[in-house]
1. Please work out the Cα center distance from segment 260-303 to segment 429-490, rounded to the nearest Å.
2. Tally up the carbon and sulfur contribution to the accessible surface of the chain as a whole percent, 1.4 Å probe, everything protein left in place.
3. Relative contact order of segment 207-359: what whole-number percent is it, with Cα pairs under 8 angstrom and at least 6 residues apart?
4. Of S577, S492, S365, which has the most accessible area with a 1.4 Å probe, and how do the rest follow in descending order?
5. What is the extension gain from Q556 to D218, computed as 0.36 nm multiplied by their sequence separation minus the C-alpha to C-alpha distance, in nm to one decimal?
6. Convert 10 °C to kelvin, take the viscosity as 1.306 mPa s, use the Kirkwood radius over C-alpha pairs of segment 246-366 as Rh, and evaluate the Stokes-Einstein diffusion coefficient in µm²/s, rounded to a whole number.
7. Starting from the alpha-carbon convex hull of segment 38-84, give the projected area averaged over all orientations, in nm².
8. With every protein chain present, what accessible area does S446 have (1.4 Å probe, heavy atoms only), rounded to the nearest 10 Å²?
Amino acid sequence: MLNELDKIEWVPSWAGENRFRNWVENARDWTISRQRYWGIPIPIWECENCDEITVVGSIEELKSISAEGELKGDFIHRPHVDEITIKCKCGGNMKRTPDVLDVWIDSGIAGWAALHYPEEKDLFDEWYPYDFITEGHDQTRGWFYSQLGCGVISNDSSPYKKVLMHGFTLDEEGKKMSKSLGNVVEPEQVIELYGVDILRFYLLWGNKPWEDLKFNWDELKNINKMFNILWNVYVFSTTYMSIDKFDPTDYTLEDIHLREEDLWITSRANSMAKEVTESLEALYFHKATRAINNFILEDLSRWYIRLIRGRTWNEKNDPDKLGAYYTLYNAIKLLIRTLAPIAPHITEDMYQNLIRTVETSYPLSLHMLDWEFDEKQIDTELESNMDIVREIIEACARARDAAKYKLRWPVSEIIIVSEDKKVLNAAQSLRNVIMEQANTKDVVSSDKFEDVTITALPNMKTLGPKLRQDVPIVASKLAEGDGARILEKLESDGVYVVELEEKTITLEPQDIVFETELPENVGSSDFVGGNVFIDTTLTPEILSEAMARELIRRVQDMRKDLDLDVEANIEVFVDCSDNFRYTIKNFVDFISHEIRADKFHFGSEEGDYTKDWKIEDHNLSISIVKA
């Protein structure tokens, strides 16, 4: 048994290397008989006269040597088998010992007994030994042991190749669930509130499978939110694709335009599928579910949908729009294929409505598809670049917030400063993504920010005790000097020399404190790998676009109040000052496109819905007429 134990892969490894090995090494004698009524009758007959024992090896043998008893129907079980006697060679009668086998023998042979071995050998030869079994850690001395023992005794080998020893589900405080304690969470209770898929996902996501899970309702709610977000992505996709009657089978890659973000989400979907595959094969279910969770929340919903939302408003057959649809469709298709074993119901629903309606040659069920992903579509450099760019864009948002400059308002320029070439290359390769998502007219990348003012000051903590009365003179010299050059000299030489009338003073890096001052109307924020600087100068052109975007937001809010369909066109009247009208006049076409207005007027009109607004210092009234 110890030799066979070394051939088994255990998850976690310590379960086999320590816990189970210790049990086998110190195994006691196993009393395999039980004095019970129900169970497998022990096939041992004992003579009443001479105590001779016969062990019967098969039904056919019993039939051939039996002397009395009914040998029809279910005769090998009690009470029928107890009536069968065998003639002993001494002339006496042999009766079966009344004991039954320990039920752990049943469990130990259940695998090949289900294959009807040894009567039938074809299935046994195909399926034995089993690829995988799983049970709780209490089965170290139970099922794991009984199977190994029976396998070695019967077939000289372990009956299984791989074992997952899983933990148990406890209450939130880590206590065993018990009806007497009133802390039992019934599966039916969870399913009624959230459904089967969410419970399945949560149990695999909650922690490492070999650890006990402290059941937590708040964590379950978070998984429910994830599924709601996934459903919203699905609804977004089906809504816009159905409006435009998009059918992915009608297009090839030559018919569409793919942006870098399309290639990125395709890469991420396949990377996710690869990670899930490797995690499932290793039985790291927590890693598989967390990879899916991260993809849905961070990559698909919070980023890719955000990146393509504007493209969905383009003309129906615009190649750029088709590229977004095509990519989103295939990303979701791969996602639900990967999620299917864990959440079989919601994925099947999506498959039937999104995939099967257009790809009618596909199997009747999602679960009939092969498990696959395309490793050739994984671009790790692109994924790394996008991670950097997302940090840059978040830093831009922080810089705007610090400068109290609205996200909706464009800026004329963003400067990305870093000494890391990977950061600069990422910013350059995904420049268009930065421009669109950071709402800027230009992106500049550099290893330093030229316009910052650097001031050198004495560090009183170190110079006070050393220089005493010379500190004011040194401070004056530092103030007269160019802070940037002082810093450069300090970095290159390790010291900075101050020449006084009567002596020379050498300052070390810790003796000088540098303060930086940005130009007016420049905001900044840092990120891992660098800094961003945004120019918040409000030019007439920038102000015009900013006001246009503010107006768009108000109209979109009114569309929501009216509960208009996404594709519904409207007629809009804007009653405003001449100043506001002049400010946005060059953006009327842009505004009309964004709000789906086939007619846009300046002036007052009693429409289906009228509302007063204040945009900055401008008071205006907006009326919407349904088309």
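1. Measuring centre to centre over Cα atoms gives 42 Å.
2. Answer for the chain: carbon and sulfur cover 48 percent of the accessible area.
3. 33
4. S492, S577, S365
5. 118.3 nm
6. Values: Rh = 15.2 Å.
My calculation gives 105 µm²/s for D.
7. 3.4
8. Looks like 30 Å² after rounding.
The values are calculated or read from the model by the stated rules, or taken from the named source; none is laboratory data. Just so it is clear, the model here is predicted, and its values are computed rather than measured. For neighbour counting, all protein chains shown are included, and Cβ atoms are generated from backbone atoms with ideal geometry for every residue, glycine included. Accessible surface is based on the protein model in full, side chains and every heavy atom, while ligands, DNA and RNA are left aside. Shrake-Rupley method; radii C 1.70, N 1.55, O 1.52, S 1.80 Å.
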